[in-house]
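Here the structure is laid out as structure tokens; the discussion comes afterwards.
What follows draws every value from the coordinates through simple rules; no lab data is involved. Keep in mind it's a predicted model, so treat the numbers as computed, not measured. Reconstructed Cβ throughout: ideal geometry from the backbone, glycine too, with neighbour counts over all protein chains shown.
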Amino acid sequence: MLQGKVAVVTGASRGIGRAVAIELGKLGAKVVVNYSGSEAKALEVVDEIKGLGTDAIAVQANVAESDSVQAMIKEAISTFGSVDILVNNAGITRDNLLMRMKEDEWDDVINTNLKGVFLCTKAVTRQMMKQRAGRIINISSIVGVSGNAGQANYVAAKSGVIGLTKTTAKELASRNITVNAVAPGFIATDMTDKLNEEVQAEMLKQIPLASFGQPEDVANAVAFLASDASRYITGQTIHVDGGMVM
Ligand code: NAD
């Protein structure tokens, strides 16, 4: 389905990003596995993708820093010749009640989760416009739609990602570039593991399908949005949340 395509997946050394990188690799894409932390984990993902019969490289970059992002996209193009798919997945949480939230907790989350999407999108746009084709998939969150106490920074960023998705979809449509978002609910990863059992039990009660999602559930939605099957869909947000927000 994605034979000959090149995908850049940010924050791909673990969790949802890892599952997305592997799923796109399974469908035949060559994958740039972006990481900011552990190179060893990113290289494991690269090996797994190569084992599927396609190609991958690990590239370190901080999505919140313009120079770093531009160097990553340059390396992707010089290694594989194009960028057909960008998955803006990298994200962090710094939860706190608004009254207690420190300015650096706000800045860190906005810089990674929102500015990072802007910088990576901007960095691939020239190449995708030249190609007259591209797929940009932004990982938002259902809390970006519903709001969530204790996450003002994260919710502002994830709502911003939905707005940015619609705007870039409108700006880039004439060049055959689609831009969509995926809004996961509660997915079992390192990000949610750190929530205490009481919070997890409370979350579970709010999920009609009565289980937490797996990273592969999000990866399947991303794969659809990266494929030709979604060619007429742009500016949309798909909820992958077991029915939690509807
Ligand atoms: P995770 O913490 O397991 O993975 C996040 C990844 O992003 C890590 O690999 C981390 O190194 C990377 N990262 C963080 N800051 C970065 C930076 N500045 N530059 C490059 N990479 C950076 O979390 P996850 O659950 O896999 O989350 C992936 C995405 O899905 C995030 O955007 C998150 O907000 C979103 N999301 C997750 C859930 C969930 O329930 N897990 C729900 C909704 C949305």
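Miscellaneous remarks
- The dipole here belongs to the chain: it is taken about the Cα centre, uses +1 on the Cβ of Lys and Arg and -1 on the Cβ of Asp and Glu, and is about 1060 debye.
- The range 92-246: C-alpha gyration tensor shape, a/c 1.5 cut-off, then a/b vs b/c: oblate
- Pair residue 52, residue 98: separation of 7 Å Cα→Cβ label points (nm): 4.2 nm
- Under 18 Å of direct C-alpha separation, and excluding same-chain neighbours fewer than eight residues apart, residue 130 reaches these lysines: 5, 74, 122, 170.
- Cross-link reach list, aspartates and glutamates versus residue 205, counting only Cα pairs under 20 Å and skipping chain neighbours closer than eight places: 193, 197, 217, 241
- In the chain, the calculated helix contribution to ellipticity at 222 nm averages -14000 deg cm²/dmol per residue, counting -39,500 (n - 2.57) for every DSSP H run with n ≥ 4.
- Length-normalised contact order for the chain - Cα pairs under 8 Å, 6+ apart - percent: 19 percent
- Where a label projected 7 Å from the Cα of residue 108 along Cα→Cβ would reach, residues of the range 189-216 with amide N under 18 Å: 190-196
- For the pair residue 129 and residue 204 in one chain, pulling the backbone fully straight at 0.36 nm per residue adds 22.7 nm over the alpha carbon distance.
- Cα centroid separation, the range 145-198 to the range 6-37: 18 Å.
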